[in-house]
Each structure stands twice: as C-alpha cells, then as structure tokens.
Amino acid sequence: FPFSSLTFYFSVNNKVNVTDTVTMSIPSTDNHAAAPIKKYQFLRKLKSRLSRRRIRKEDEKLLRVARDDATIQTEFNLPKTLNEALPDDKEKKNNDSRAIVVTECTGTYNMIGCNKAWENLCGYAECEIVGKNSTILQGPDSNFDGLRDAVARLFEGEEQASVVTTNYRKDGSRFKNLLTMGPIRNESGKLTHFVATLKNIGDIKEVKQ
C-alpha cells in the first residue's frame, strides 16, 4: 500500500479522550533521504490539527456559557452584501442596533467602515478606524487563537463563525465580546470582505492598584 495509517490519541485534563482521535496517513517511501522531510511535514500537520481542535474546544466552552445565558442575544442575521452592512442611507445605517464593522478579506484585514452602534460600543469614530486593522481593539487578554481560527473557518467556506474575546475600547476599558463574523461576496459570488457584529456580554471592571 502507498500509505500507512497512524492513529493518535491525546488527553484532555490528563484523561484519554477516545473520541478525539486523529487519524492521518503518511506516505511510505523507500527514499531514505526524503523520509526526514516527510516526517517533519507530517508532524507539523498533526500539531496544527491538534492545536486547532484544542482551540475550538476551548472556544465552544466560552460560547456555551454565553448561549446558556437567557439575557444574552447570541443569534444574529449577518449582512450578506456590502450595501446591506454599510448602507448609503445614513439614517438606516445609524439606526441599526447591531454593532457592525466591515473589513477587507486580505492582508491585515483593514477596516473599511462601521455603523453608529459600533462607534458607541468601541469609542472610535468611523473616520478614525478606516484603513486600520482590528488590533486597535485588542490587548493582552484578547483571544488571539480563537480569532485566527474564526477567520480560518470563513476561508474554509463556513458562512458564520463566532468567538468570545476581550476587546479594548478607545478609552482603554475592556468588555467581553461575542464576535460573530461572516463573508461578504459580490454579485459573482467572489469573497470581497468580512463583516462582523460585536455584542457586549459584560464589561470588565478594572482593578485599582
């Protein structure tokens, strides 16, 4: 057979979780010179898979807590087009209760616009964020792994990805954010932007020194 199959088990809280096996195939080869390279590539892929599985398990726990809270709205209808996300009609744009921001889908995902609800939540005016990326909202307590995984899900074809993270307002205050992201496509179906809604699920009180 051209491939040999290896099954790996990994533990959660020092307990073997049989349902979380990862089965990967590695090419068998008679070329001893190529074997170390193929082994390295295989181990990198395995490590990446296990890392993403761990991240998604941790994020699912955070999302479950938010969804179990009856006082928190966790389901959102995301805009599907750029004009729906950022309408030309300013009154319609600013009367939307969802805190919406739109970013590019390439490079550093720079923001191209937001609505009034987003400005009120984050403390920045729209003119201050255009051309900047979302790192202005991030800090030491932000869920960077979860954010990267959410973006990866969208590139993999998912229509919606959610993550709980800590965001920082312009004044430095923090809030726990239920971030829901989705793709925006043009008329031909090509991915052009990402849209996100931010939901404050709890302000974080600062500890006075």
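Each reported figure results from applying straightforward, stated rules to the coordinates on display, with no laboratory input. Please read these numbers as outputs of a predicted model, since none were measured by experiment. With ideal geometry, Cβ positions are generated from the backbone for all residues, glycine too; neighbour counts draw on all protein chains shown.
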* To do: Taking 7 Å along the Cα-to-C-beta vector as the label spot, tell me the residue 159-residue 38 distance in nanometres, rounded to one decimal.
  => 4.1
* In nm, spacing of pseudo-spin labels at residue 190 and residue 77 (7 Å Cα→C-beta vector) -> 2.9
* Structure fact -> Stretched fully, the stretch from residue 125 through residue 95 gains (0.36 nm per residue minus C-alpha distance, one decimal, in nm) 9.2 nm
* Subset of 38/190; 93/190; 170/190 violating a 28 Å alpha-carbon distance limit -> 38/190; 170/190
* Structure fact -> Quick numbers on the stretch 143-209, Rg and Dmax over C-alpha atoms in Å, give 14.7, 55
* **Cα Rg, Dmax, the stretch 81-167, angstrom units** => 13.3, 37
